[in-house]
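The values are calculated or read from the model by the stated rules, or taken from the named source; none is laboratory data. For clarity, every value in this text was computed on a predicted model and none was experimentally measured. Here the Cβ positions follow ideal geometry from the backbone for every residue, glycine too, while neighbour counts run over all protein chains shown. Please note that ligands, DNA and RNA were not included when accessible areas were found on the heavy atoms of the full protein model with its side chains. Shrake-Rupley method; radii C 1.70, N 1.55, O 1.52, S 1.80 Å.
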Amino acid sequence: MSLKVGITGGMGSGKTTVCKVFELLGIPVFYADDEAKKLMITDPILVEEIKSAFGKAAYFDDQTLNRKYISNIVFKDPEQLKMLNSFVHPAVFRAMEQWANQQKAPYVLKEAALLFESGSYQQNRFNILVSSPLALRIIRVIQRDQMSREKVLERIKNQFPEEKKAQMADFFIQNNEQEFIIPQVLKLHQELLKKAHES
Ligand code: ATP
């Protein structure tokens, strides 16, 4: 079975960009946040849990998710958000396990924005942190999403501070536009291949 490696980083740190480099090396990547959005529509267990907790109005007649309705509930009340997460995280875990079992690569990556915050990092053999200076992250997200500086800062505030994540990570990639990403990924790739070989 492939070795499971988590990869995360604060908003705008460049974790998706780094994952694309790993993909070029043939490493399969599971994008947990994208997958979670899909599962909220396609996973029958999860759909039922959401409907019974938040009401039938959580879905439109065509069975697509009423995101606005759900967001209004969960972003006002941390307890409701906790409940939604308690349904979504196990569903993502189930999907990740199923996906990982089908992979042939020596190791696979699981990309998630809240890898440490959600506790799901514990399910991985190793975890990688992509780091970037805060000022650069803010500029990148403003440019990418046309989001206001205030909104970016508000979202970043919901994530663990960089120092806390650094203590929990096993490997690091600096995406500060001074050190090139590709040589760092190549070095880490060799290291992870070695770890996979040893395990
Ligand atoms: P989020 O958590 O918000 O999804 P992320 O950590 O996945 O963000 P990316 O989407 O990979 O971050 O990067 C944010 C933006 O910064 C993207 O538009 C990306 O193209 C750009 N970017 C990332 N790294 C670099 C770099 N080294 N040089 C130039 N642009 C970069």
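With of a type outside the set (A, V, I, L, M, F, W, C), farther than 17 Å from ASN158 by Cα and in the same structural domain as ILE181 (by TED's automatic domain parsing) as the only criterion, which of LYS20, LYS56, LYS68 stands out?
LYS20
Taking into account only those residues within region 42-86 that are hydroxyl-bearing (Ser, Thr, Tyr) and open to solvent by 30 Å² or more (accessible area, probe 1.4 Å), which is nearest to SER118 (Cα to Cα)?
Only one residue fits best here, namely SER86.
If you go through region 6-26, how many residues are away from the ligand (no atom under 16 Å from the Cβ) and either crowded, with 17+ Cβ neighbours inside 10 Å or on the phi > 0 side of the Ramachandran plot (or both)?
Residues flagged as away from the ligand (no atom under 16 Å from the Cβ) and either crowded, with 17+ Cβ neighbours inside 10 Å or on the phi > 0 side of the Ramachandran plot (or both) within region 6-26 amount to 1.
Can you list the strands (runs of 3 or more DSSP E) found entirely within region 105-199 that contain at least 1 residues being at positive phi?
In region 105-199, no matching strands (runs of 3 or more DSSP E) lie anywhere.
Mind listing just one residue for me: the one in region 150-194 that is modelled with pLDDT under 95 and basic (Lys, Arg) and, of those, farthest from the ligand (Cβ to nearest atom)?
If we take residues in region 150-194 being modelled with pLDDT under 95 and basic (Lys, Arg), then LYS157 is farthest from the ligand (Cβ to nearest atom).
Go through region 116-131 and report how many residues are modelled with pLDDT under 95 and within 13 Å of the ligand (Cβ to nearest atom).
Looking only at that region, the number is 1.
Take region 122-162 and flag every residue that is open to solvent by 60 Å² or more (accessible area, probe 1.4 Å) and polar (S, T, N, Q).
Residues satisfying the conditions are GLN122, GLN123, GLN143, GLN146, ASN158.
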